[in-house]
Structure formats: structure tokens, C-alpha cells
Amino acid sequence: MATSGDKVSYSADKGKMRVIFTGDTRSVTTRAGTSTKLEKSKEYLCTEKEYHSGMTVYLTLANGDKVKVKRAELQKA
């Protein structure tokens, strides 16, 4: 018989999930120090673990850079 514990199962996509940025469109600085723009209603990737456990989340942009945003400005896609 299987035991129920504190196991968390993540998606097959290595723990990545799609989220929609619901905040206002704005310019931000990435972790690498470059300037970029976050667009309202656009999809981004983040880790499931960060999304479910933190107040802030690092979004992964199309070019691979990461940007820190508040989880309240995100919605699951």
C-alpha cells in the first residue's frame, strides 16, 4: 500500500510552469543587469516551487534572462 506523505509532484517540464503577467507593462532590470520590458497579459515561465512557496518569483524570459516579480502580479496559464 502506498503511503501518503509530503510528496510534491512537478510537471514533466522540469518543474517549469506557464504564468501570465497581470501587472502593468513596465521596464525592469534582469538578474544579468540588462534592461527589458515586462508586458501585461503575456506568458512567461517560472518554477512551480517558487510560485507555490514564495512571495516573489523569478520569471524566465524568452532569451533566458530572469526577472524578479511579486507573485500577486501573476496568474496561472
* Structure fact -> Scanning the range 43-59 residue by residue, those open to solvent by 90 Å² or more (accessible area, probe 1.4 Å) and part of a loop (DSSP other than H, G, I, E, B) turn out to be 55
* Asked: How many residues are open to solvent by less than 30 Å² (accessible area, probe 1.4 Å) and at pLDDT 95 or above if we restrict to the range 60-73?
  -> 2
* Asked: Is it the case that the range 13-34 has a residue that's open to solvent by 40 Å² or more (accessible area, probe 1.4 Å), in contact with a Ser or Thr (Cβ under 8 Å, 6 or more places away or on another chain) and on the phi > 0 side of the Ramachandran plot?
  -> no
* Determine whether residue 30 is among the β-branched types (Val, Ile, Thr), over 15 Å from residue 17 (Cβ atoms) and within 10 Å of the chain's Cα centre (by Cα). => no
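The values are calculated or read from the model by the stated rules, or taken from the named source; none is laboratory data. The structure presented is a predicted model; accordingly, all values stated were derived computationally and were not measured. All Cβ positions, glycine included, derive from the backbone under ideal geometry; neighbour counts span all protein chains shown. These area figures cover heavy atoms from the full protein model, side chains too; ligands, DNA and RNA do not enter into them. Shrake-Rupley method; radii C 1.70, N 1.55, O 1.52, S 1.80 Å.
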